[in-house]
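Right, one structure below, let's go through it.
Derivation of every value follows stated rules applied to the coordinates shown; laboratory data play no part. The structure displayed is predicted, hence computed values, not measured ones. Don't worry about glycine lacking a Cβ; one is built from the backbone with ideal geometry, like all the others, and counts go over all protein chains shown.
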Amino acid sequence: MVEIGKPAPDFELSDADGNIHSLKEFRGKKVILYFYPKDNTSGCTKQACAFSALVPDFEKLGAKVIGISKDSPSSHRKFANSFSLKFLLLSDPELVAIREYGVWKEKKMYGKPAMGIVRTTFVIDESGVVTHIMPKVKPDTNAADVLKILTNE
């Protein structure tokens, strides 16, 4: 279970171009790691576009934005291209990081229980330690809420 004050679990996941990225490669930067259910859905698109719009602000604060879902690299490429997303999207089809971060949970889909990603954001400091966990975030306000956290630290 991921906890505030503890090291964030490392992972190795593929980006939209098939390049493998690990969390440890971003040591020395803050990382905004957000998990979302699915590319090209209304809520996920709102959330991604909001993060993308704030990338310059996050970069000024030394922070890198990374989005993770179980979608394929090709799906991520189409999603990023369709909305000119300016941050890294990583693919976790085997649910390795998704499970390790505890965001694969039972949800209600049209009144029926189903397993899926619960939209959650983690803020990780320059040394790889989790400083904030934001469960069940709202797609419209998540990026702005993270920016407030980073500017008030």
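Hey, for a label at Cys49 modelled as a point 7 Å past Cα toward Cβ, could you say which residues of region 109-153 have their backbone N under 16 Å away?
Only 139-144 fall inside the zone, counting backbone N under 16 Å.
Would you mind calculating the gained length between Phe83 and Val129 on full extension (0.36 nm times residue separation, minus the Cα-Cα distance), in nm to one decimal?
Net length gain for the segment: 13.5 nm.
For the chain, what does the relative contact order come out to in percent, with C-alpha contacts under 8 Å and a separation of six or more?
So the answer I get is 33 percent.
Taking the Cα centre as origin and putting +1 on Lys and Arg beta-carbons and -1 on Asp and Glu beta-carbons, what dipole magnitude results for region 1-81, to the nearest 20 debye?
The calculation lands at about 160 debye.
Straight-line reach only, C-alpha to C-alpha below 19 angstrom: list the aspartates and glutamates that Lys6 could link to, leaving out same-chain residues fewer than 8 apart.
Lys6 reaches Glu25, Glu100, Asp125, Glu126, Glu153.
For region 20-99, what number results from the quotient of the Cα radius of gyration and 2.2 N^0.38 Å?
1.05
On the first, second and third principal axes, largest extent first, how far apart are the outermost C-alpha atoms of region 1-55 in Å?
That works out to 33, 28, 23 Å along the principal axes.
Calculate I(q)/I(0) for the chain by the Debye formula, one identical point scatterer on each C-alpha and no solvent, and give its log10 at q = 0.15, 0.19, 0.20, 0.21 Å⁻¹ to two decimals.
For the chain at q = 0.15, 0.19, 0.20, 0.21 Å⁻¹, log10 I(q)/I(0) is -0.72, -1.23, -1.38, -1.55.
Would region 80-121 count as rounded, prolate or oblate if I go by the C-alpha gyration tensor, calling it rounded below 1.5 in a/c and otherwise prolate when a/b exceeds b/c, oblate otherwise?
Oblate is the answer for region 80-121, as a/c is 1.5 or above yet b/c matches or exceeds a/b.
Per residue of the chain, what 222 nm ellipticity follows from adding -39500 (n - 2.57) for every DSSP H run with n ≥ 4, rounded to the nearest 500?
-9000 deg cm²/dmol
Would you mind getting me the FRET efficiency between Asp57 and Arg27? Use the beta-carbon distance for r and R0 = 22 Å, nearest 0.05.
It comes out at approximately 0.55.
For region 65-153, just the Cα set please: Rg and Dmax, both in angstrom.
My reading of the Cα-based Rg and Dmax gives 14.3, 42 Å.
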